[in-house]
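S.K.: Handing you a structure now.
Read the figures in this text as sums done on the coordinates, not as results from a lab. Quick caveat: nothing in here was measured; it's all calculated off a predicted structure. Reconstructed Cβ throughout: ideal geometry from the backbone, glycine too, with neighbour counts over all protein chains shown.
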Amino acid sequence: MSREHLAVQGVDPETFDRLVGIGPLEMARVDGWLDARRFRQARKLVEATGRLADLRDRTPLAWTQWTSRHWPELTALWFNCPTLGDAALTYARYRPLVNEADPIDCEVEGDQLVMSCTLEPNAGSGLIAAVSQLTGLQDLVHYYQQRTSWPISAHFEIGELDRPCSKALLGEILQAPVTLNPSARTQRLVLQGRGLWAPVEGHNQFSSTWARQILDARLQALAQRRPIDQFVTRIEDLVQTRWQEVGTEGVEADLNALQRDVACVLGMSRWTLRRNLAAHGVDFSSLVEHLRAQQLPVLMADPTLSLLNIGARLGFASQSAFSRYFRNRYGHPPSRDPTWLHRS
């Protein structure tokens, strides 16, 4: 979402990827994830270029449409709950799948539900981040308000922001009453009324059950993911990205050059990268070798790829360089390998 926002502001996707440190392969990963450092950098870029006028002039439910493209299961559940109250609680539960940095707490008392969010001050958060978060909630409220005849009131309580903003402008953006409380760090949305738990039209139980099962599995996988797994996966993505560039440039990078390129994207020196890997018992050369050994059988069995194509995907600038590597590792040229000879 930050990438698309900045593209409208004139920051091309390639510049965004370079400044934040995102490899092209990561953008294509379904389970792609931004660590805290890169998330902080992306948010700072948005804060530096964002304007409240963009939020004021946004298309209603634009956030919903964007989420539908990238997380269809989330919108299948967030906008397919039996009541607004259920939708708000569901929104808070699955919010970590979109952004783990800004968790939302919910307090329920009768016909009142309070959603609170404290943006991390060290994560590049500011006015644009706070208001963007609240507009997403307002989209959710507006959607359910249109689908019930019972009254539902929404009131925003705006806490500390990094720069001043008028109450009138915030009210215009959020399309709801606003109270400013600069001494509080928490942004709050207070929902109240009999319509909070009133059934809405168009609820599809089958679709919401399907989406919930998928999202629960993703939450469980996210909770079990170790930081080292994320770090190593990201390095593997960057290595593969560099290999693709090698194939198009026709210039083969040696192991030291590859390590230097990866470290540069990560914003650290080659020696720092080496120390970080060593601290977790991982060696860069072993990681590269494991990645090649992991991909080779799959690539060799693909009937659509030539030996030149396979070598390029593994970072070799020529078929002869790939053949030398293969012979040294397996004792015979790739053209004599059983997988290559018997592929369908």
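S.K.: Could you check the spin-label model distance between residue 146 and residue 105? Points 7 Å from the Cα along Cα→Cβ, value in nm.
M.R.: In this crude label model, residue 146 to residue 105 measures out at 3.3 nm.
S.K.: Tell me, what ³J(HN,Hα) does each residue in region 189-196 have, in order and in whole Hz, if you take phi through Karplus 6.51 cos²θ - 1.76 cosθ + 1.60 with θ = phi - 60° and put x for Gly and Pro?
M.R.: Rounded to whole hertz, the list is 10, 10, 10, 8, x, 5, x, 4.
S.K.: Modelled label-to-label distance, residue 203 and residue 264, 7 Å Cα→beta-carbon offset: nm?
M.R.: Here the modelled spin labels are 5.6 nm apart.
S.K.: Sorted by packing (mean other beta-carbon atoms within 10 Å per residue), highest first, where do 260-266, 182-188 land?
M.R.: Details: 260-266: 18.3, 182-188: 14.6.
My ranking of the peptides, most packed first, is 260-266, 182-188.
S.K.: Ordered by residue, what ³J(HN,Hα) values in Hz, to whole numbers, does region 147-153 give under the Karplus form 6.51 cos²θ - 1.76 cosθ + 1.60, where θ = phi - 60° and Gly and Pro are x?
M.R.: Residue by residue, region 147-153 yields 10, 8, 8, 7, x, 9, 9 Hz.
S.K.: Something else about it: Can you tell me how much longer the chain between residue 221 and residue 254 gets when fully stretched, taken as 0.36 nm per residue apart minus their C-alpha distance, in nm with one decimal? Walk me through the numbers on the way to the answer.
M.R.: Working: separation 33, 0.36 × 33 = 11.88 nm, distance 3.54 nm.
In short, 8.3 nm is gained.
S.K.: Sticking with this structure for a sec: Extension gain residue 282-residue 214, at 0.36 nm per residue separation less the Cα-Cα distance, in nm?
M.R.: 21.3 nm is the gain from fully extending residue 282 to residue 214.
S.K.: Residue 168 versus residue 341, label points 7 Å from Cα toward the beta carbon: distance in nm?
M.R.: Going by the 7 Å Cα→Cβ label model, 8.3 nm.
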